[in-house]
1. Looking at the stretch 29-54 only, could you name the residues that are in contact with a helix residue (DSSP H, G or I) (Cβ under 8 Å, 6 or more places away or on another chain), in a strand (DSSP E or B) and over 28 Å from ALA169 (Cβ atoms)?
2. Would you mind stating whether LEU4 is in contact with a strand residue (DSSP E or B) (Cβ under 7 Å, 6 or more places away or on another chain), part of a helix (DSSP H, G or I) and farther than 30 Å from LYS213 by Cα?
3. Pick from GLY204, GLY194: which is outside any helix (DSSP H, G or I) and surrounded by 13 or more Cβ atoms within 10 Å (Cβ to Cβ)?
4. Taking only pairs six or more apart or across chains, which ones have beta-carbon atoms under 7 Å, a first residue in the stretch 24-50 that is touching a residue at least 24 places away in the same chain (Cβ under 8 Å), and a second residue that is among the small types (Gly, Ala, Ser) and not in a strand (DSSP E or B)?
5. Would you check which residues across the stretch 127-145 are within 18 Å of LEU101 (Cβ to Cβ) and surrounded by 15 or more Cβ atoms within 10 Å (Cβ to Cβ) and list them?
6. Quick check on the stretch 107-115. Is at least one of its residues surrounded by 18 or more Cβ atoms within 10 Å (Cβ to Cβ), in contact with a strand residue (DSSP E or B) (Cβ under 9 Å, 6 or more places away or on another chain) and either aromatic (Phe, Trp, Tyr) or closer than 25 Å to ALA159 by Cβ (or both)?
7. Collect the residues in the stretch 1-13 that are out of contact with any Ser or Thr (no Cβ under 6 Å at 6 or more places or on another chain) and surrounded by 14 or more Cβ atoms within 10 Å (Cβ to Cβ), keeping them in residue-number order.
8. Do we find a residue being under 21 Å from GLY8 (Cα atoms), surrounded by 12 or more Cβ atoms within 10 Å (Cβ to Cβ), over 23 Å from the mean Cα position of the chain (by Cα) and of a type in the set (Phe, Trp, Tyr) anywhere in the stretch 44-52?
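Every number in this text was worked out from the coordinates using simple rules, so none of it is lab data. Keep in mind that what you see is a predicted model, and the values were worked out from it rather than measured. Using ideal geometry, Cβ is built from the backbone for each residue, glycine included, and neighbour counts are taken over all protein chains shown.
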Amino acid sequence: MVRLLEAGDAGLVVEYGDKVDPELHGRVLALYYRLAERALPGIRELVPTYRSLLVEYDPLVIGYQQLVETIEPLTAGPPRPCSGRLMEVPVCYGGERGPDLEEVAALCRLPVQEVIARHAAPTYLVYMLGFSPGFPYLGGLDPSLQVPRLARPRLQVPAGSVAIAGPQAGIYPQSTPGGWRIIGYTRLALFDPGSDAPFLLQAGDSVRFVPVKEGEHAHA
């Protein structure tokens, strides 16, 4: 059942469910693109998440009830297939830039090389960007690699850190505090504030991690 909920005095949330599910996310993306293509007056921004779409609007241009009446008929369409781009992300695992790899291996009762292989095997879905500009929340992590967040988050996680926590994988675009377990790093820039398209990844894209050695990484 789809729910339309107020989010402050200039926001509307369209909620498709209460779980992380690729089909629900496909419905979120379908609505996102329907609204984006219509370019309705008064809509300032559309923010897709795991299971909902936030619609930020100008209440001086379009009222809440009018927005609800406009959006509600558009929520019933079919899910959008995952047709985003496939991005290969070179990752150097372990070492100083992957300080939690060995602990993750111990928690999962797996050899380090098996952790790397299982992390690099899936094709991940970018469910949403959040936390910091360009940070991708990735679904598809092998269940055998699910580990809790750090009990005490780090004050600084370097940009490019490749990390996991619970059922999710992610990449830190900037140096920020963080509590996910860092197993490697990439030189790929995920966020460029000076670009017309500042985010390398978008919701609906797919990601494959490609293991590389330190010497190869500089040229990847």
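1. Within the stretch 29-54, just ILE43 meets the criteria.
2. no
3. After ruling out the rest, the residue left standing is GLY204.
4. Every condition considered, the pairs that remain are LEU24/GLY17; LEU29/ALA203; LEU29/GLY204; ALA30/GLY77; ARG34/GLY77; PRO48/ALA203.
5. Result: LEU138, LEU141, ASP142, LEU145.
6. So far as the stretch 107-115 goes, yes, one or more of its residues are surrounded by 18 or more Cβ atoms within 10 Å (Cβ to Cβ), in contact with a strand residue (DSSP E or B) (Cβ under 9 Å, 6 or more places away or on another chain) and either aromatic (Phe, Trp, Tyr) or closer than 25 Å to ALA159 by Cβ (or both).
7. LEU4, ALA10, GLY11, LEU12
8. No, there is no match, as no residue in the stretch 44-52 is under 21 Å from GLY8 (Cα atoms), surrounded by 12 or more Cβ atoms within 10 Å (Cβ to Cβ), over 23 Å from the mean Cα position of the chain (by Cα) and of a type in the set (Phe, Trp, Tyr).
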